[in-house]
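Encoded as structure tokens, the structure appears first; notes follow it.
The values are calculated or read from the model by the stated rules, or taken from the named source; none is laboratory data. Nothing here was measured: the structure is a model prediction, and the numbers come from that model. Here Cβ is always computed from backbone atoms with ideal geometry, including for glycine, and neighbour counts include all displayed protein chains.
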Amino acid sequence: MCNFVDQNKHTIQYGLLITRAGDMERSTQSTWLDEGFTILKKTGAAGLTIENLTRRLKKSKGSFYHHFKSRDDYSEKLLSFWERKQTFDIIEISRQEKTFDGINTKLLELSTKNLDPEIEVAIRAWALRDPQARAFQERIDKQRFDFLRQMFSLKTGDPDQAQTISFIRYCFYIGSQQLIPALDDRTYREILGVLMEMFEQYITPSPQEESP
């Protein structure tokens, strides 16, 4: 009985060590990715070299290769993190709402909360020169646009109208970040409100909107 208790105790302790090690692994990798976004803001993708990363974090190249197979692997994980944070997570949470107004409100709340124009602009500039970044950006744009089209399909029964409105809404979102300085949150919301009022005048209501 005593041996069983001791073995069980050691098993639990070992499990805790493994869990903590896994948490530390993710935390340390996150440090590398966070630094990558800082570099993107300051110098663009050209600054994402292994030498620059290790120097700024005061870590060895061995530490870098412990978490990433290569510079390309690092770039892929950096872009994947951005895609998940700025697109996939926002869409999945917004999709839990069931009405147009609910989805639109949640989408606006999350997209403005996570908005980081400097990184958005830097990644788009990166995509102009790098095939890997371009593939990610094309996928991100498609996911965002498709979600907007699905959302506006709840508002209008005309697929062409949903397509057009989604295109205008997304172009406004992207364009507002390209301005120098980018629009602040209050101004962005005010202009988007005016834009949504214009959409109301343009669209043909969907059957869901017309029903009592």
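What are the residues in the stretch 36-45 that are surrounded by fewer than 16 Cβ atoms within 10 Å (Cβ to Cβ) and closer than 24 Å to residue 135 by Cβ, if any?
38, 41, 43, 44
Looking for something within 28 Å of the chain's Cα centre (by Cα), at pLDDT below 95 and not aliphatic (A, V, I, L, M) - is there at least one such residue anywhere in the stretch 2-14?
Scanning the stretch 2-14, I find no residue that is within 28 Å of the chain's Cα centre (by Cα), at pLDDT below 95 and not aliphatic (A, V, I, L, M), so the answer is no.
Which of the residues that make up the stretch 100-153 are modelled with pLDDT of 95 or more and not in a helix (DSSP H, G or I)?
128, 129, 130
How do the pairs read when you match residues in the stretch 46-74 that are under 21 Å from residue 129 (Cα atoms) and free of Cβ contacts under 8 Å to residues at least 12 places away in the same chain with residues anywhere that are of a type outside the set (Lys, Arg) and surrounded by 13 or more Cβ atoms within 10 Å (Cβ to Cβ), using Cβ under 6 Å and keeping only pairs 6 or more apart or on different chains?
From residues that are under 21 Å from residue 129 (Cα atoms) and free of Cβ contacts under 8 Å to residues at least 12 places away in the same chain, the pairs are 47/39.
Scan the stretch 117-132 residue by residue and report those that are surrounded by 13 or more Cβ atoms within 10 Å (Cβ to Cβ) and under 18 Å from residue 178 (Cα atoms).
Scanning the stretch 117-132 gives 117, 118, 119, 120, 121, 122, 123, 124, 125, 126, 127.
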